[in-house]
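Colleague: Pasting in a structure now, in structure tokens, and then I'll have a few things to ask.
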Amino acid sequence: MIKKQDIRALTKEELRSFFVENGDKAFRGNQVYEWLWSKVAYTFDDMTNLSKTTRTMLDENFVINHIEVDQMQRSNDGTIKNAIKLHDSLIVESVLIPTETRTTACVSSQVGCSLDCNFCATARLKRMRNLNPDEIYDQVVAIDKQSRLYHHHKLSNIVFMGMGEPLLNYKNVLASIEKITSDEGLGMSPKRITLSTVGIPKMIKKLADDEVKFNLAVSLHSAIDDVRSKMMPINEKSNLAELLESLQYWYLKTKKIITFEYVVWKGINDTQKDVNALVDYCKQVPSKVNIIEYNAIDDGEFQQAAPEAIDMYVHTLESNRIVVNVRRSRGKDIDAACGQLANKTS
Ligand code: SAH
């Protein structure tokens with residue numbers, strides 16, 4: 001038996017050619033494309049404006065690999081964590097984060113992660129594979145549905161801060177964003193999408209060259225090489241100077257301010273010296289800082305810094321006119337917060 005192809009791996013042009021090659025009109029490809037993306041059909045039989053013969057022909061040649069929300073957990077604060085089952089039974093997680101004014105989807109880009117940041121739960125899972133564009137797209141669709149159902153408004157923002165490193169799945173992540181933002185997909189504004197990366201200079205420059213319109217966040221956590229390398233092995237390959245150079249290039253090309261994500265840990269990066277290094281770093285590229293609360297993942301090797309240390313960060317950054325936000329963590333009670341995604345369900 002021939003293995004059926006995933007129909008959503010085809011471009012619109014390829015779909016149009018498929019119909020022409022099979023003696024039908026190219027326009028049929030547009031109809032199917034619309035069913036697959038903006039109407040999110042689960043089966044060929046859902047495509048009610050196609051003849052039965054066409055639907056059968058599609059079914060003989062292709063599959064629609066939809067994700068499945070395998071398990072859903074709701075936190076006291078309204079956060080929802082989904083365990084998403086992929087067509088090959090692998091699991092990733094995605095999270096809905098509600099606030100008064102918006103709903104944000106936090107989506108995964110890979111199954112597991114290869115980066116070994118030692119404070120992150122996902123790092124403990126081996127990287128199994130990249131997600132396809134449709135698997136990322138479907139996470140957004142699923143969360144949009146939940147947002148409408150439980151919070152009575154549509155999804156407003158997307159962050160690529162779930163499992164995996166989006167810049168190590170560059171092509172598929174960009175293809176998913178293309179679909180999410182296109183009128184033939186979900187028609188969302190790229191201004192409401194943020195890609196978060198550990199900071200891979202070569203790929204950041206590529207993003208800039210590709211003139212992407214979404215926002216960039218970088219998980220910095222320290223502006224001192226020795227300290228950062230201990231937590232994030234990637235820093236040994238490309239240090240802070242190299243990262244900075246790529247971010248300056250990004251700003252030059254896109255004119256978009258960079259967000260630095262930063263966790264302050266007790267005894268690791270909670271001194272005035274650490275803050276000063278961050279201030280110096282921020283001054284070299286238009287940027288702002290999001291201080292995120294540490295979500296404990298294990299035996300206490302890492303601990304959230306004292307409130308005084310956070311205050312010191314906020315005060316020093318602000319007195320240097322650097323915008324800083326302190327983000328409270330959401331969904332902790334269901335292990336849905338940053339860095340806690342590890343396919344743990346209970
Ligand atoms: N690989 C990407 C996206 C996934 S991590 C990246 O590194 O940016 C999303 C964010 O959560 C990153 O800023 C990451 O540093 C942070 N994070 C990871 N583990 C965490 C934890 N235990 N507590 C708080 N934030 C964490």
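What follows is calculated from the coordinates using simple rules that are stated; it is not laboratory data. Small disclaimer: the values here were computed from a predicted structure and weren't measured. We place every Cβ from the backbone using ideal geometry, glycine too, and count neighbours over all the protein chains shown.
Colleague: Charges only on Cβ, +1 for Lys and Arg, -1 for Asp and Glu: so what's the dipole of the stretch 29-112 about the Cα centre, in debye to the nearest 20?
Modeller: Roughly 140 debye, rounded to the nearest 20.
Colleague: Could you list which residues have their amide H under 5 Å from that of residue 331, counting only those 5 or more apart in sequence or on another chain, with H placed in the peptide plane?
Modeller: It is 77, 79, by chain and number.
Colleague: Let me ask something else. In percent, what relative contact order does the stretch 216-346 have, based on Cα pairs under 8 Å that are 6 or more apart in sequence?
Modeller: It rounds to 24 percent for the stretch 216-346.
Colleague: In the stretch 139-242, with Lys and Arg counted as +1 and Asp and Glu as -1 at Cβ, which of these residues, 152, 208, 181, has the Cα nearest the positive end of the dipole, that is, farthest along it?
Modeller: Result: 152, furthest along the dipole toward the positive end.
Colleague: Here's a follow-up. Counting other C-beta atoms within 10 Å, which of 279, 140 has the fewest, and how do the rest follow?
Modeller: Going from least to most buried by this count: 279, 140.
Colleague: Compare the peptides 8-17, 245-254 by average per-residue count of other Cβ atoms within 10 angstrom and give them in order, highest first. Kindly include the intermediate steps, with their values, before the conclusion.
Modeller: On the way: 8-17: 15.7, 245-254: 17.8.
Highest-to-lowest ranking by the protection proxy: 245-254, 8-17.
Colleague: Placing one identical point scatterer on every Cα of the chain and ignoring solvent, what is log10 I(q)/I(0) from the Debye formula at q = 0.08, 0.14, 0.15 Å⁻¹?
Modeller: Debye intensities relative to I(0), on a log10 scale: -0.42, -1.15, -1.29.
Colleague: Here's something else I'd like to know. With labels modelled as points extended 7 Å from the Cα through the Cβ direction, what inter-label distance (nm, one decimal) is found for residue 333 paired with residue 77?
Modeller: 1.1 nm
Colleague: Moving to a separate point now. What ratio of Cα Rg to 2.2 N^0.38 Å holds for the stretch 1-140?
Modeller: 1.27
Colleague: Counting each DSSP H run of 4 or more residues in the chain as -39500 (n - 2.57), what helix-only mean residue ellipticity at 222 nm follows after dividing by all residues, to the nearest 500 deg cm²/dmol? It would help to have the intermediate numbers written out before the result.
Modeller: On the way: 11 runs with 115 residues, N = 346.
Helices in the chain give a 222 nm mean residue ellipticity of -10000 deg cm²/dmol.
Colleague: Using the Cα centre of the stretch 196-307 as the reference point, and only Cβ charges (+1 on K/R, -1 on D/E), how large is the resulting charge dipole? Debye, rounded to the nearest 20.
Modeller: On the way: 14 positive and 16 negative charges, 116 e Å.
So the dipole magnitude of the stretch 196-307 works out to roughly 560 debye.
Colleague: Going by how many other Cβ atoms sit within 10 Å of their own, how do 138, 70, 335 line up, fewest first?
Modeller: By the 10 Å Cβ count, ascending: 70, 335, 138.
Colleague: If you don't mind, there's one more thing I want to ask. Convert each backbone phi in the stretch 234-249 into a coupling constant with the Karplus relation 6.51 cos²θ - 1.76 cosθ + 1.60 (shift: θ = phi - 60°), then list the ³J(HN,Hα) values in order as whole Hz, x for Gly and Pro.
Modeller: 4, 5, 6, 7, 9, 7, 5, 5, 5, 4, 4, 4, 5, 6, 5, 5
Colleague: Shifting gears a bit: With the radius of gyration and the Kirkwood radius both derived from the Cα set of the stretch 193-286, what is their ratio Rg to Rh?
Modeller: Reported Rg/Rh (Cα atoms, Kirkwood Rh): 0.96.
Colleague: How big is the gap, in Å, between the Cα center of the stretch 143-178 and the Cα center of the stretch 1-65?
Modeller: Computed from Cα coordinates, the inter-centre distance equals 25 Å.
Colleague: Normalised radius of gyration for the stretch 163-228, please: alpha carbon Rg relative to 2.2 N^0.38 Å, two decimal places. Write down the numbers at each step before the final one.
Modeller: Details: Rg = 13.3 Å, N = 66, 2.2 N^0.38 = 10.8 Å.
Ratio of Rg to 2.2 N^0.38 Å for the stretch 163-228: 1.23.
Colleague: What is the dipole size for the stretch 32-182, taken about its Cα centre, with +1 at each Lys and Arg Cβ and -1 at each Asp and Glu Cβ, in debye to the nearest 20?
Modeller: 220 debye
Colleague: Could you grab the relative contact order for the chain? Cα pairs under 8 Å, six or more apart, rounded to a whole percent.
Modeller: Across the chain, relative contact order equals 14 percent.
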